[in-house]
Amino acid sequence: MNTFSRHRVRPAATSISVWTLAVMVSCLALHQLWVYLDVRAPHVADALLGGLVAAGATALGTLPILFARSIPQKAQDSMFGFGAGVMLAACAFSLVAPGISAGKNLGYGPWGAGLLVGAAVLLGAAVLLLMDRILPHEHFIKGREGMEAHRLRRTWLFVFAIMLHNLPEGLAIGVGYAGGDPVRGTALATGIAIQDVPEGLVVAVALLAAGYKRTFAVALGMLSGLVEPVGAVLGAAIVGFSAPLLPWGLGFAAGAMLFVISHEIIPESHRKGHEVYATCGLMLGFVLMMLLDTALG
């Protein structure tokens, strides 16, 4: 092996070693955090685990891009619709309905509990709308939005867009576990993880189509899922230590997810003229999440 080859191999080997060490350290840190939380705040530990499962599902979905250059647009739109259906059912069965029940348990009547959760839904949507207006980000199809978008690199615009999309999912998982019903929280986390697999694939495909390298598209798609365990821990920690906050938290998470569904996912799935495929995917996703919630809950 000549000198030039040795110089090329050593940086690659060093890079692999650094990444391996980083992964090992991260796994060890997460394990220690989970052990700490499991003793002091079990619901937060469960939320962390649920968020990590969802993040792992997102990472799993990006892997086919390493072997396939692209997927048909009809399949992408069907996946978008499937994700929207899962999130719609999660909003109804895992967030809004338990939120109203939690309100009744706090002493509110049917109207009072409904109005309480309704106000929380509107608040969650309003916060996401504000973030959508303030944070510069780039939609996968319709382009850049937000203040000062022209000053940021496209990579960071995609990162902001993915954060806006995944944060409500993480919050929903955390709030689901904060309700004191781990079975319902697990059903919600399972449903979100299932829809995160095709979502991770679509994100990686969109990044690849936008001109990014294959490895970078996969890496960024994997990293995008890390927003979910962060949101899950925050949601569980804030809501879990105050019972009156539970209906507010459930409604807030539902509103944030509804905003993402209506503002991002459905328009993107219909933009290329494949409404029928997207709608079929939505129906399948809704029924699957409904079955998961009602059967496990």
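The values are calculated or read from the model by the stated rules, or taken from the named source; none is laboratory data. Just so it is clear, the structure is predicted and the values come from calculations on it, not from any experiment. Here the Cβ is made from the backbone with ideal geometry for all residues, glycine too, and neighbour counts use every protein chain on show. These accessible areas exclude ligands, DNA and RNA; they are computed on the full protein's heavy atoms, side chains included. Shrake-Rupley method; radii C 1.70, N 1.55, O 1.52, S 1.80 Å.
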re the stretch 43-296: pairs of Cα atoms spaced beyond 27 Å account for a percent value of 31 percent
Result: in the stretch 43-296 the number of Lys pairs with C-alpha under 22 Å apart, spaced 8 or more or on different chains, is 4
The simple spin-label model distance between ALA29 and GLU275, using points 7 Å out along Cα→Cβ, in nm, is 4.8 nm
Protection proxy (average C-beta count within 10 Å per residue), highest first, orders 217-224, 100-107, 120-127 as 217-224, 120-127, 100-107
Chymotrypsin sites (Phe, Trp or Tyr not before Pro) in the stretch 210-253 lying in a DSSP loop, each with at most 14 other Cβ atoms within 10 Å of its Cβ, come to PHE241
Given 174-183, 257-266, the highest-first ranking by average Cβ count within 10 Å works out to 174-183, 257-266
Per residue convex hull volume, Cα only, the stretch 184-297, in Å³ is 111 Å³
Expressed in square angstrom to the nearest 10, the accessible area of LEU66 with a 1.4 Å probe stands at 80 Å²
